[in-house]
Amino acid sequence: ERGDAGAARYARLVTPSDMGALQQGDSAVLTLAIVAPDDAVLGSRVRSEVVVLDGAGGSVRVALDIAVTSELVTPVAVFVENEATYFSGLLPLVGVADATVRATNTATRDVVELVTDAAGYAYANVTEGVYEFVVHARGHTPSRAVRTVTGAAPLEVPIHVKMALVHYSFSVKPVVLEDRYTITARASFATNVPAPVVVIEPAVIVITDVLEQRPSQITFTLTNHGLVTATNVQQRLPASIGGGMFTLTPLVDVNGIDLAANSSLLIPYAVNITEAGEAAAAELAARR
């Protein structure tokens, strides 16, 4: 029996090491025991090969894929917490009802699917191991957490989910008699909630409009529709957009400011058409 250090710590031959000579057509049974050492980490995996038979006529190798698991069952209570609890400091904690929880054992890939009750809890009995919890809840963004579940005592697994306060939808409407389309982006967002809800307008810049109208400036409006101040606001618009056809340069620096609840901020940007934009504008004009 030979193998790398990882496999050799787990694999042991039960069959006597000296099996004598095997003649042509003979067969023999090899028994290989897999035993995790005391320092094995729950949920870890070992993938390698060991040589279980080595002789003058050749060798026999066995590929191993060992997952360290446990048969001990742990009662688990998954608590899906609403983001409003974090922002408002409400007590008792606010749970999310009817959230779906998918718990996957990372070693065995066994899956348990749960649904939270009215208080935001979902209960299950699972074997010890490392679990990936994926939560989906209406009105919230999906959330993922990895937790190690050990011990026979009941274990609570809190998972924080963010409220989906802003949602953008796009519509495309054909213009009658012309091969042109108007693309509209609509922002749907929650208002008067205990969280900052920052929306930027306009949400879409139409490249052809910029090339045709040649505006020297575009003003963006940041509005906080929530009841909590948005702290340390950062502007992250790219310097070049439209495939490099024009550039945007901020005329004021708002990085690091706080945007109070139910307030707005105007951010003007200078617009400059590049050589690529000039060429595109000329091509667009030729098609008109």
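The values are calculated or read from the model by the stated rules, or taken from the named source; none is laboratory data. As the structure is a prediction and not an experimental result, all values here were calculated from the model. Note: ideal-geometry Cβ built from the backbone for every residue, glycine included; neighbour counts use all protein chains shown. Only protein heavy atoms, including side chains, enter the accessible area calculation; ligands, DNA and RNA are left aside. Shrake-Rupley method; radii C 1.70, N 1.55, O 1.52, S 1.80 Å.
Name the single residue that is modelled with the highest pLDDT among those in segment 123-139 being part of a loop (DSSP other than H, G, I, E, B) and surrounded by fewer than 16 Cβ atoms within 10 Å (Cβ to Cβ). Can you show your working first?
Pass one, segment 123-139, residues part of a loop (DSSP other than H, G, I, E, B): 128, 137-139.
Filter again for surrounded by fewer than 16 Cβ atoms within 10 Å (Cβ to Cβ), leaving 138-139.
Numbers: Arg138: 89, Gly139: 85.
Only one residue fits best here, namely Arg138.
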> Can you name the residue in segment 89-122 that is outside any loop (DSSP other than H, G, I, E, B) and open to solvent by less than 50 Å² (accessible area, probe 1.4 Å) and, of all such residues, is modelled with the lowest pLDDT?
Replying inline: Gly95
> Which of the residues spanning segment 216-254 are in a strand (DSSP E or B) and not β-branched (Val, Ile, Thr)?
Replying inline: Gln217, Phe220, Leu222, Asn224, Ala230, Asn232, Ser240, Phe246, Leu248, Pro250
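Does segment 255-271 hold any residues that are loosely packed, with under 12 Cβ neighbours inside 10 Å and either of a type in the set (A, V, I, L, M, F, W, C) or in a strand (DSSP E or B) (or both), and which are they?
First, pick out the residues of segment 255-271 that are loosely packed, with under 12 Cβ neighbours inside 10 Å: 255-256, 266.
Correct list: Leu266 only.
Filtering segment 140-162 down to residues that are exposed (fewer than 13 other Cβ atoms within 10 Å of the Cβ) and part of a loop (DSSP other than H, G, I, E, B), which residue is modelled with the highest pLDDT?
The initial filter retains those residues of segment 140-162 that are exposed (fewer than 13 other Cβ atoms within 10 Å of the Cβ), namely 142, 144, 146, 151-154, 156.
Narrowing the set further to residues that are part of a loop (DSSP other than H, G, I, E, B) leaves 142, 151-154.
Values: Pro142: 90, Gly151: 82, Ala152: 77, Ala153: 82, Pro154: 86.
Ranking the candidates gives Pro142 first.
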>> I'm trying to understand the selection: among the residues of segment 26-49, which are under 11 Å from Asp65 (Cα atoms) and open to solvent by less than 50 Å² (accessible area, probe 1.4 Å)?
In response: Ser44, Val46, Ser48
> Among (1) open to solvent by 50 Å² or more (accessible area, probe 1.4 Å); (2) modelled with pLDDT under 85; (3) in a loop (DSSP other than H, G, I, E, B), which single condition is Ala279 missing?
Replying inline: (3)
> How many residues are in contact (Cβ under 8 Å) with a residue 40 or more places away in the chain, small (Gly, Ala, Ser) and exposed (fewer than 12 other Cβ atoms within 10 Å of the Cβ) when one looks only at segment 198-251?
Replying inline: 1
